[in-house]
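Reviewing the structure listed below.
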Amino acid sequence: MKVAHEKTCMQFSIRRPKLPSSETHPEESMYKRLDVSAWLGHLNELGQVEEEYKLRKAIFFGGIDVSIRGEVWPFLLRYYSHESTSEEREALRVQKRKEYSEIQQKRLSMTPEEHRAFWRNVQFTVDKDVVRTDRSNQFFRGEGNPNVESMRRILLNYAVYNPAVGYSQGMSDLVAPILAEVLDESDTFWCFVGLMQNTIFVSSPRDEDMEKQLLYLRELLRLTHLRFYQHLVSLGEDGLQMLFCHRWLLLCFKREFPEAEALRIWEACWAHYQTDYFHLFICVAIVAIYGDDVIEQQLATDQMLLHFGNLAMHMNGELVLRKARSLLYQFRLLPQIPCSLHDLCKLCGTGMWDSGYMPAVECTGHTGSESCPYGGTVEMPSPKPLRDGKKGPKTPREGFGFRR
């Protein structure tokens with residue numbers, strides 16, 4: 001696609017890149033999609049998930065067959081505990097259905113004044129959003145579709161359940177696919193609660209939430225794609241705000257890929273395999289695969305926004321996933337990580353660093369009397385040789401390898 005101007009002519013190309021085998025995760029081809037038989041193989045006779053880490057790894061690499069998403073997603077979204085038995089899950093569903101009914105009754109029992117405030121702050125926006133969310137999906141298609149009303153109730157009830165968060169545009173885009181797979185309204189509500197509590201997708205960001213994500217993303221780009229990072233720096237503050245990726249984070253890539261590929265990306269992120277921040281590696285992968293034009297043509301901030309916007313629905317989701325998995329693998333092999341990325345190495349529990357590995361941390365932003373809160377170390381400059389050929393005492397160099 002060409003964008004012409006009186007004096008300039010920028011060429012925006014949508015390429016069909018390939019990923020060399022040298023740039024893929026070494027375990028990339030070892031896992032197939034999790035189907036019914038494989039899923040049942042992860043359950044014992046009581047219906048408990050055995051070796052949760054192996055299940056998360058299998059989902060991270062292979063994804064989940066569409067036929068069992070409704071059964072597996074509640075585990076990934078922390079509605080069901082992996083230790084729960086089949087009987088315990090049925091009892092939980094009964095209990096949670098009652099709780100959901102109570103939340104809805106609370107909403108329906110508002111005083112006229114409360115209802116006016118709720119309509120103004122929440123319901124007006126929800127009513128506008130649900131009628132235009134995923135309407136091309138057969139599950140929500142057609143006038144008077146009861147599934148649209150179900151989605152509406154879930155979002156209104158969530159705003160009552162969690163008034164501190166309430167409702168923000170974009171939440172309907174997150175809840176719709178869950179409802180279309182899980183089907184039950186109460187179960188979907190509690191899965192959505194789990195999504196909002198336990199994932200780091202920025203579905204309704206405060207300014208500091210988004211800035212934290214962008215800080216991590218800038219640091220990842222500096223480590224993995226220095227030329228692109230340097231281009232952002234050359235654009236000043238506007239470039240470093242990375243407006244082109246805000247929608248990626250806000251809507252979890254849903255507008256960037258066809259639904260089937262977007263949901264595969266969601267599953268890989270929900271697996272929490274080795275990091276809780278896999279969505280940031282997805283962002284870096286998109287830049288690594290499709291960002292060459294930005295550097296080659298020295299695109300300005302608005303042109304960069306246009307470039308990545310034009311790529312929406314034209315990118316290869318599976319390719320991006322493979323690249324992102326490779327980037328995570330390479331991140332784990334770095335001889336050191338900056339303290340600014342310390343949080344990428346925690347939270348997800350067992351498995352972040354196999355066999356108890358923890359990366360050494362290099363302090364990059366704390367100087368003088370301010371000590372690094374992450375225990376990062378700073379390499380001291382080598383001492384100058386002493387006169388008369390005498391050698392001074394050796395300054396121990398901090399090891400930046402992975403520590404056992």
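What number of residues in the stretch 108-144 are of a type outside the set (Lys, Arg) and more than 15 Å from VAL175 (Cβ to Cβ)?
Going residue by residue through the stretch 108-144, those that are of a type outside the set (Lys, Arg) are 108-115, 117-119, 121-127, 129-131, 133-134, 136-140, 142-144.
Filter once more, keeping what is more than 15 Å from VAL175 (Cβ to Cβ): 108-115, 117-119, 121, 123-124, 136, 138, 142-144.
Looking only at that region, the number is 19.
Would you check which residues across the stretch 74-95 are among the aromatic types (Phe, Trp, Tyr) and either more than 21 Å from PHE189 (Cα to Cα) or outside any helix (DSSP H, G or I) (or both) and list them? Before the answer, list the steps.
First pass over the stretch 74-95, keeping only residues among the aromatic types (Phe, Trp, Tyr): 75, 79-80.
Once the filter is applied, which keeps residues that are among the aromatic types (Phe, Trp, Tyr) and either more than 21 Å from PHE189 (Cα to Cα) or outside any helix (DSSP H, G or I) (or both), the stretch 74-95 yields TYR79, TYR80.
For the stretch 148-179, a residue qualifies if it is closer than 12 Å to THR133 by Cα, under 21 Å from the mean Cα position of the chain (by Cα) and either basic (Lys, Arg) or open to solvent by 10 Å² or more (accessible area, probe 1.4 Å) (or both), and the qualifying residues are GLN169, ASP173. Consider the stretch 327-344 and keep the residues that are under 20 Å from GLU28 (Cα atoms) and of a type in the set (A, V, I, L, M, F, W, C). The one that is most open to solvent (accessible area, probe 1.4 Å) is LEU333. Candidates in the stretch 39-73 are the residues that are in a loop (DSSP other than H, G, I, E, B) and among the polar types (S, T, N, Q); of these, the one that is farthest from ARG264 (Cα to Cα) is ASN44. Do we have any residue at all in the stretch 252-263 that's open to solvent by 10 Å² or more (accessible area, probe 1.4 Å), out of contact with any strand residue (DSSP E or B) (no Cβ under 7 Å at 6 or more places or on another chain) and more than 23 Å from ARG69 (Cβ to Cβ)? The answer is no; no qualifying residue exists.
The values are calculated or read from the model by the stated rules, or taken from the named source; none is laboratory data. Keep in mind that this is a model prediction, so the values were computed, not measured. For neighbour counting, all protein chains shown are included, and Cβ atoms are generated from backbone atoms with ideal geometry for every residue, glycine included. These area figures cover heavy atoms from the full protein model, side chains too; ligands, DNA and RNA do not enter into them. Shrake-Rupley method; radii C 1.70, N 1.55, O 1.52, S 1.80 Å.
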